[in-house]
Amino acid sequence: TIDIQESRLTLYNEGSWVNMLEDPEASNNMACVMPTAGANWAVQARVDNDMYGKWHVYVSVKIDPIAKSGTAFTTGIYDTEKKTDVVSYTAKIEDMPDKQYKLIDLGVRDLKSECYFWFAPANNPTEVKTISVDRIFLVAE
């Protein structure tokens, strides 16, 4: 297994698009917290050489919802060589537990150097207050 925590994440426009904050519910008490205005890929992680090959991919995320339904956030894996998503997942508010981390299954994926993981809000500040990314978790296949 590989547990990808904040030390291996890239935060874009930190202080505006995302902040690193203490969170006692996160696996290591830290989380990347995104406000929901905008839809930028604010949290990313490159696939390093220790991640090459087939892995079952999970991401741990929680939301602070306002609405009872709608789009919560998007996440996925992007391939820069093919210029397309390997996988893209749209989380729904109604499928997320209220203010609790959920392990989301992105399936078995063949990871290579041209890939990176990404997380983005859905530009819905009237529906979700914040999105918190705890970690990416890989299980070897």
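Worth a mention:
- With θ taken as phi - 60° and the Karplus curve 6.51 cos²θ - 1.76 cosθ + 1.60 applied, the whole-hertz 3J(HN,Hα) list for region 92-109 is 9, 3, 5, 9, 9, x, 5, 6, 10, 5, 10, 8, 9, 8, 9, x, 8, 10 Hz, x standing for glycine and proline.
- Distant-in-sequence amide contacts of Met30, defined by a placed amide H-H separation under 5 Å and a gap of 5 or more residues or a different chain, comprise Asp23.
- For the chain, built as a Gaussian network whose Cα springs stay under 10 Å, the top-fluctuating residue of Val128, Val47, Val59: Val47
- D by Stokes-Einstein for region 9-141, Kirkwood Rh over Cα pairs, 20 °C, 1.002 mPa s: 144 µm²/s.
- Rounded to the nearest 10 Å², the accessible area of Lys99 at probe 1.4 Å: 100
- Close amide-amide hydrogen proximity is noted between Gly70 and Ile93, Glu94, each under 5 Å apart and 5 or more residues distant or on a separate chain (H modeled in the peptide plane; Pro and chain starts excluded).
- Couplings 3J(HN,Hα) for region 4-19, derived from phi with the Karplus relation 6.51 cos²θ - 1.76 cosθ + 1.60 (θ = phi - 60°), are 8, 9, 4, 5, 10, 9, 9, 9, 9, 6, 4, x, 10, 7, 7, 9 Hz, where x marks Gly and Pro.
- Whole-number accessible area per residue in Å² for region 1-114, which is evaluated in the context of all protein chains at 1.4 Å: 52
- Members of Lys54/Lys99; Lys54/Lys82; Lys54/Lys102; Lys82/Lys102; Lys62/Lys83; Lys92/Lys129 lying beyond 25 Å, as alpha-carbon distances in this model show: Lys54/Lys99; Lys82/Lys102; Lys62/Lys83
- Evaluated with a Cβ-only charge set (Lys, Arg +1; Asp, Glu -1), the chain carries a dipole of roughly 240 debye about its Cα centre, given to the nearest 20.
- Region 63-116: C-alpha gyration tensor shape, a/c 1.5 cut-off, then a/b vs b/c: prolate
- Percentage of interatomic Cα-Cα distances in region 1-59 larger than 16 Å: 51
- Dividing the Cα radius of gyration of region 21-92 by its Kirkwood radius returns 0.98 for Rg/Rh.
- Whole-percent carbon and sulfur share, accessible surface of the chain, 1.4 Å: 46
The values are calculated or read from the model by the stated rules, or taken from the named source; none is laboratory data. These numbers come from a predicted model, not from an experiment. Using ideal geometry, Cβ is built from the backbone for each residue, glycine included, and neighbour counts are taken over all protein chains shown. Quick note on the areas: whole protein, heavy atoms, side chains included, nothing else; ligands and nucleic acids left out. Shrake-Rupley method; radii C 1.70, N 1.55, O 1.52, S 1.80 Å.
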